[in-house]
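Below: one structure, written as structure tokens.
The values are calculated or read from the model by the stated rules, or taken from the named source; none is laboratory data. These numbers were taken from a predicted model, which means no experiment stands behind them. All Cβ positions, glycine included, derive from the backbone under ideal geometry; neighbour counts span all protein chains shown. The accessibility values were calculated without ligands, DNA or RNA, using every heavy atom of the protein model including side chains. Shrake-Rupley method; radii C 1.70, N 1.55, O 1.52, S 1.80 Å.
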Amino acid sequence: MSTFAHQPPQTTRANGIDICYEIFGDANADPMLLIMGLGAQMVLWDDPFCEQLAARGFRVIRFDNRDIGQSSKLSGGKRLTPMELLKLRFLKIPVAAPYRLRDMAQDTTGLMDALGIKSAHLVGASMGGMIAQEIAISFPQRLRSLTSIMSTTGNPRIPPPTRAAAALLMAPPPTTRDEYLARFAQTWKMLRVGSFPQDEALDRARGERCFERGLNPAGVGRQLRAILASGSRKERLHTVTAPTLVIHGTVDPLVHPAGGRDTAASIPGAKLLMIEGMGHALPIPMWPEIIDAIDKHAHGASAKAA
């Protein structure tokens, strides 16, 4: 039984778009924003994960990025082609995009403005880590600490996703509910790498929740374009002053573990936590280690700032 406050999802105007968000925890606690990854709705920060962080003394705010879930759906941008990816990889010809990670960073700071939050602890997973890094570079006064999980710097030298992970990313979107639920389970089983029965038992319910909140396959394509059009942050990351923790799995099939190591190496004073056997997901058995690390890092940063 949780004793702390939990506000139901609400929508606010931020950076010219509508952002759907939800808050767990005490109104006076240190604010912590959770930023999700590519094509991932805010509910993929599982409720109990958010509750456990809130129980550590944080006001936890999760939200749908633009073009996903119940936040604004944008327009423009065609489905990404393998030819564009090859041009990017070999000829360094950038991908065209209706918006970039910096715009998504401004969505996040816009949400903070709407909620009256001057600065917060930022925790980003995958693309969310890239957005959080962009905030740390461009709007340093807005963050108290940075935790970048299973993310990377955009450095083109980092090895690509495994063939299976890349194929899944480029596969045409499912067209029916049953197809979507099957793909959801298949995707997360592959991203988790190995057997996680607790998570597998929840996949159907997680998938149903995402399906019911609304899908936007074209939006996922635009988010992917935003990542690819934003280029490398590696040099700019040298300017980051926020206390930084980098968490990465040793068997991540989507963002190579070298991406986490490169992030930590690029940010002055960053701490690196490699989690043995973790793929591109936050499996329930690994929550204690992940939540402990986030908690210690954020509280340590607050203590230093005080």
Checklist (1) under 23 Å from V246 (Cα atoms); (2) surrounded by 21 or more Cβ atoms within 10 Å (Cβ to Cβ) applied to R102, failing item: (2)
Filtered residues of segment 21-47 (kept if touching a residue at least 24 places away in the same chain (Cβ under 8 Å), open to solvent by 30 Å² or more (accessible area, probe 1.4 Å) and charged (D, E, K, R)): D26, D30
Unique residue being in contact (Cβ under 8 Å) with a residue 40 or more places away in the chain and either farther than 27 Å from L272 by Cα or in a strand (DSSP E or B) (or both) when the list is R225, R204, R183, R233: R225
Residue count, segment 239-252 (criterion: touching a Lys or Arg at 6+ places or on another chain (Cβ under 9 Å), closer than 12 Å to S151 by Cα and in a loop (DSSP other than H, G, I, E, B)): 0
Neighbours by Cβ (under 9 Å, 6+ apart or cross-chain): first from segment 75-104, in contact (Cβ under 8 Å) with a residue 24 or more places away in the chain and more than 19 Å from N216 (Cα to Cα); second among the aromatic types (F, W, Y) and part of a loop (DSSP other than H, G, I, E, B): none
The lone exception for V255 - which of (1) more than 25 Å from L88 (Cα to Cα); (2) touching a residue at least 40 places away in the same chain (Cβ under 8 Å); (3) open to solvent by 10 Å² or more (accessible area, probe 1.4 Å); (4) touching a strand residue (DSSP E or B) at 6+ places or on another chain (Cβ under 8 Å) it fails: (1)
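Within segment 195-208, identify whether any single residue is under 30 Å from L91 (Cβ atoms) and either touching a Gly at 6+ places or on another chain (Cβ under 6 Å) or surrounded by fewer than 16 Cβ atoms within 10 Å (Cβ to Cβ) (or both), and answer yes or no. Step through it out loud before you land on a result.
First, the residues of segment 195-208 that are under 30 Å from L91 (Cβ atoms): none.
No - not one qualifying residue is present in segment 195-208.
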Considering residues of segment 65-97 that are surrounded by 16 or more Cβ atoms within 10 Å (Cβ to Cβ) and over 20 Å from C20 (Cα atoms) only, the residue modelled with the highest pLDDT: A97
Selected residue (only one of K73, K92 is over 27 Å from P140 (Cβ atoms) and touching a helix residue (DSSP H, G or I) at 6+ places or on another chain (Cβ under 7 Å)): K73
Which listed residue, of K304, K271, K296, is in contact (Cβ under 8 Å) with a residue 40 or more places away in the chain and open to solvent by 20 Å² or more (accessible area, probe 1.4 Å): K304
Some residue of segment 56-64 being over 20 Å from the mean Cα position of the chain (by Cα), touching a residue at least 12 places away in the same chain (Cβ under 8 Å) and surrounded by fewer than 24 Cβ atoms within 10 Å (Cβ to Cβ): yes
Selection count, segment 9-20, where residues are open to solvent by 20 Å² or more (accessible area, probe 1.4 Å), touching a residue at least 24 places away in the same chain (Cβ under 8 Å) and on the phi < 0 side of the Ramachandran plot: 5
L228, sole failed condition from (1) in contact with a Pro (Cβ under 7 Å, 6 or more places away or on another chain); (2) surrounded by fewer than 21 Cβ atoms within 10 Å (Cβ to Cβ): (1)
Residue within segment 129-144 that is closer than 21 Å to V255 by Cβ, free of Cβ contacts under 8 Å to residues at least 60 places away in the same chain, touching a helix residue (DSSP H, G or I) at 6+ places or on another chain (Cβ under 7 Å) and open to solvent by less than 10 Å² (accessible area, probe 1.4 Å) present: yes
Within segment 143-180, tally of residues that are part of a helix (DSSP H, G or I), under 19 Å from M130 (Cβ atoms) and of a type outside the set (A, V, I, L, M, F, W, C): 0
Matching residues in segment 111-128 - criterion: being open to solvent by 10 Å² or more (accessible area, probe 1.4 Å) and in a helix (DSSP H, G or I): D113, A114
Those residues of segment 182-194 which are surrounded by 17 or more Cβ atoms within 10 Å (Cβ to Cβ) and on the phi > 0 side of the Ramachandran plot, in sequence order: V193
